[in-house]
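Trainee: I'd like to ask you about the structure that follows.
Just so it is clear, none of the values below were taken in a lab; they were calculated from the coordinates. Note that this is a predicted model, so its numbers are computed, not measured. Cβ placement follows ideal geometry from the backbone for every residue including glycine, while neighbour counts extend to all protein chains displayed.
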């Protein structure tokens, strides 16, 4: 398949479409489920369609989301809205502080004097949608207690492994402004998050709509379920049916591998980054109603999926401090697109 030029950016693979002419009925139902979820959440989280779509992509891919955002931007509302939109789903919130212990998250065994036996009392992580607020205020020991839950969807206490409920979505937040009394997430734990994003402040019109919406109470109290747990699981299975052209798969690999060759990075993204990006673009296409991935999907999701999996050099981080993280990530994206567009060795004359 040939390539085509896009003005103002490096070459990327031509649009790839699925070989099947018609979408399967199961896929169409999955698209409907995603649309119902997004529309329902947008009733209470105004003007954040792209960010809501990113979270739904993580849910469809059984991944987890890190919000690097200031307080008061509807992160808790978003978590509760997703849980309220799924029939029977249970939301949970964990407020992280330096004295939070791992058992406060996972639960622990309590001695019952009536039965003279230890009874396991599950912690707040045993929920369908878990909001871990200000995760960087918890100590590394408590942060690591979440690793097993995020990676294996189970919790082991006293040598007994207990599965978490399905579906399971963890949304963690950290404040990018205040760093006093915080504990930076290690790179290994950052890599466990499927993607990173931020809700940010609403526009003037959207903030006015929020005032009107909450004049007589919060709209969350009237939010009704629109999908079942079974439909969410069908949505997760449908991600596998989205077609990705081999050229786009190779482009994804080249983009992620480019992070390992840049001078501005001390640490590039691992193979987990390639796997996450490939799966994320499948979900992004599905939510958009397509059963095939377009090159634009890769460009749209590259930073949310890969941006937190790299480590900038101290020199570049210092020089970019004045411009902010967004500018540094934009430079990372530009460099990776440029490097990935170069022909592989032995193909210069192709």
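Trainee: Any idea how far the Cα center of the stretch 182-227 sits from the one of the stretch 113-139, in Å?
Mentor: So the separation of the two Cα centres works out to 23 Å.
Trainee: Run the helix sum for the chain: -39,500 (n - 2.57) per DSSP H stretch of 4+ residues, divided by residue count, reported at 222 nm to the nearest 500 deg cm²/dmol. Don't jump to the answer; show the numbers that get you there.
Mentor: Numbers: 13 runs with 148 residues, N = 350.
Helix contribution divided over all residues of the chain: -13000 deg cm²/dmol.
Trainee: Just to verify a number: FRET efficiency for residue 139 and residue 342, C-beta to C-beta distance, R0 = 30 Å, to 0.05? Numbers along the way, then the final one.
Mentor: Values: r = 44 Å, r/R0 = 1.47.
So the FRET efficiency works out to roughly 0.10.
Trainee: Report, to the nearest 10°, how far helix 246-258 tilts away from the longest principal axis of the Cα atoms in the chain, using its own Cα long axis and a range of 0 to 90°.
Mentor: Orientation of helix 246-258: about 80 degrees from the principal axis.
Trainee: Using a 10 Å cut-off on Cβ atoms, rank the peptides 198-209, 260-271 from the highest mean neighbour count down. Display every interim value, and only then the final one.
Mentor: On the way: 198-209: 13.8, 260-271: 15.6.
Put in order of decreasing packing, that is 260-271, 198-209.
Trainee: What angle do you read, to the nearest 10 degrees and between 0 and 90, between the alpha-carbon axis of helix 325-340 and the longest principal axis of the chain?
Mentor: 40
Trainee: A further question follows. State the extension gain, in nm to one decimal, for the chain segment bounded by residue 28 and residue 214, taking 0.36 nm per residue of separation less the distance between their alpha-carbons. It would help to have the intermediate numbers written out before the result.
Mentor: Details: separation 186, 0.36 × 186 = 66.96 nm, distance 3.45 nm.
Answer, rounded to one decimal: 63.5 nm.
Trainee: How high is the relative contact order of the chain, in percent, with contacts defined as C-alpha pairs under 8 Å that are six or more residues apart?
Mentor: For the chain, the relative contact order is 24 percent.
Trainee: Under the Kirkwood approximation for Rh and a Cα-based Rg, what ratio Rg/Rh is obtained for the stretch 18-238? All intermediate terms of the calculation are to be shown ahead of the outcome.
Mentor: Values: Rg = 18.7 Å, Rh = 18.7 Å.
Reported Rg/Rh (Cα atoms, Kirkwood Rh): 1.00.
Trainee: Given springs between every Cα pair under 10 Å in a Gaussian network model of the chain, which of 127, 79, 145 has the largest fluctuation?
Mentor: 145
Trainee: Then there is this: Could you check what % of the DSSP bridge pairs in the chain are antiparallel, to the nearest 5? Each step should come with its number before you reach the end.
Mentor: Values: 15 of 33 bridges.
If we restrict to bridges inside the chain, about 45 percent are antiparallel.
Trainee: Based on the mean of other Cβ atoms within 10 Å per residue, sort peptides 219-231, 40-52 so the most packed one is first. List each step's numbers first, then the result.
Mentor: Numbers: 219-231: 14.5, 40-52: 19.1.
Answer by packing, highest mean first, reads 40-52, 219-231.
Trainee: Can you tell me the 0 to 90 degree angle between the C-alpha axis of helix 49-60 and the longest principal axis of the chain, rounded to 10?
Mentor: The angle comes out near 70 degrees.
Trainee: Given a Förster distance of 41 Å, report the FRET efficiency between residue 296 and residue 204 from their Cβ-Cβ distance, rounded to the nearest 0.05. Please list the in-between numbers first.
Mentor: Working: r = 29 Å, r/R0 = 0.70.
So, using R0 = 41 Å, E works out to roughly 0.90.
Trainee: Using only the Cα atoms of the stretch 61-142, build the gyration tensor, take square roots of its eigenvalues as a ≥ b ≥ c, and label the shape rounded, prolate or oblate: rounded if a/c is under 1.5, else prolate if a/b is larger than b/c, else oblate. Walk me through the numbers on the way to the answer.
Mentor: Working: a/c = 2.78, a/b = 1.49, b/c = 1.86.
In terms of gyration-tensor shape, oblate.
Trainee: For a test of the definition: using alpha carbon positions, the gyration tensor, and the 1.5 limit on a/c, classify the stretch 124-231 as rounded, prolate or oblate. It would help to have the intermediate numbers written out before the result.
Mentor: Details: a/c = 2.53, a/b = 1.35, b/c = 1.87.
In terms of gyration-tensor shape, oblate.
Trainee: Right, next: Can you tell me which of 279-285, 181-187, 111-117, 245-251 comes out highest on packing, and rank the rest after it, using the mean Cβ neighbours within 10 Å? Numbers along the way, then the final one.
Mentor: Working: 279-285: 26.1, 181-187: 14.3, 111-117: 8.3, 245-251: 17.4.
Going by the mean number of other Cβ atoms within 10 Å, highest first, we get 279-285, 245-251, 181-187, 111-117.
Trainee: Points 7 angstrom from Cα along the Cβ direction at residue 50 and residue 247: gap in nanometres?
Mentor: 2.6
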